[in-house]
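Written out below as structure tokens is the structure these notes cover.
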Amino acid sequence: MFPLCYVGGLFWRCQHYSSGRSDGVHIAGPVAWSYRRAGCRVTSTMERMGRVTGSWLSGPQINGGDDVEYRGADLGLPQSGPGSLATGWTRVLGLLIDWVLAYGLSLLFTSLTSPYLGTIVLGVWFVIGVVAVSVFGFTPGQFVVGMRVLRVDLGTDRATAEVTGKTAPAAVGIVRAVARQVLIVFLVPALINDYNGRALHDRATGTALIRTR
């Protein structure tokens, strides 16, 4: 159920069915939606929660979103090609590969009919993500689709140097890797993104998913 909800939310993000916000944060359709009927505006509880979460993690980048030339420009990243921010569809594909891998590995520990299969799959997926990102900077799924996790909290000059190959990539670290996985599990942070397309688990950990090819 977890990957279906997450992928479904990212699908809406990729289709640009999001509600615009003046501060640069976009709430994805499945997380926040509103409509007008008979002159009355109905706003969901999830939208209000998304606004609170967005305010909690909001920073100077959000307010300056209108002045950014392209996605990733204010992070020191190129507009396209290797080093640019990964797209939503690429992130979805990477997640699906990781989940299928976790599912397959889980069958080594339990049967297909086990009532605990879902919990075991989630646990295996969590461990794979934490270990792989901490050691290599990417999960197996991210490696297959050509992505890696980049630290953007070290400044634009460092980010530019890393994506151009002038400096070795900074380690993501166990703390950031764990925090990313925990926030993704809660779904909501992963479905709320800023003007750069970075989800809240990216912003909270000072990271970004970039292309490697």
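Side notes on the structure shown:
- Filter pass, Arg71 being closer than 22 Å to Arg176 by Cβ and outside any helix (DSSP H, G or I): yes
- Where a residue in region 71-99 is more than 10 Å from Met147 (Cα to Cα) and touching a residue at least 12 places away in the same chain (Cβ under 8 Å) and its partner, wherever it lies, is β-branched (Val, Ile, Thr) and exposed (fewer than 15 other Cβ atoms within 10 Å of the Cβ), with Cβ under 8 Å and at least six apart: Asp74/Thr156; Leu75/Thr156; Gly76/Thr156; Ile97/Val144
- When region 134-160 is filtered for residues that are among the hydrophobic types (A, V, I, L, M, F, W, C) and either crowded, with 16+ Cβ neighbours inside 10 Å or on the phi > 0 side of the Ramachandran plot (or both), the ones remaining, listed by number, are Phe136, Phe138, Phe143, Val145, Met147, Val149, Leu150, Val152, Ala159.
- Number of the exception - Thr164 against (1) over 16 Å from the mean Cα position of the chain (by Cα); (2) farther than 17 Å from Gly88 by Cα; (3) β-branched (Val, Ile, Thr); (4) modelled with pLDDT of 95 or more: (4)
- Hey, Leu183 farther than 19 Å from Pro82 by Cα, under 14 Å from the mean Cα position of the chain (by Cα) and surrounded by fewer than 20 Cβ atoms within 10 Å (Cβ to Cβ) or not: yes
- Of the residues examined, Thr110 is one that is surrounded by 13 or more Cβ atoms within 10 Å (Cβ to Cβ) and in a loop (DSSP other than H, G, I, E, B).
- Residues satisfying the stated conditions in region 113-133, i.e. within 18 Å of the chain's Cα centre (by Cα) and either modelled with pLDDT under 95 or surrounded by fewer than 22 Cβ atoms within 10 Å (Cβ to Cβ) (or both): Leu122, Phe126, Val127, Ile128, Val130, Val131, Ala132
- Of the numbered criteria (1) touching a residue at least 40 places away in the same chain (Cβ under 8 Å); (2) farther than 22 Å from Ala73 by Cα, the one Gly206 fails is (2).
The values are calculated or read from the model by the stated rules, or taken from the named source; none is laboratory data. Keep in mind that what you see is a predicted model, and the values were worked out from it rather than measured. Reconstructed Cβ throughout: ideal geometry from the backbone, glycine too, with neighbour counts over all protein chains shown.
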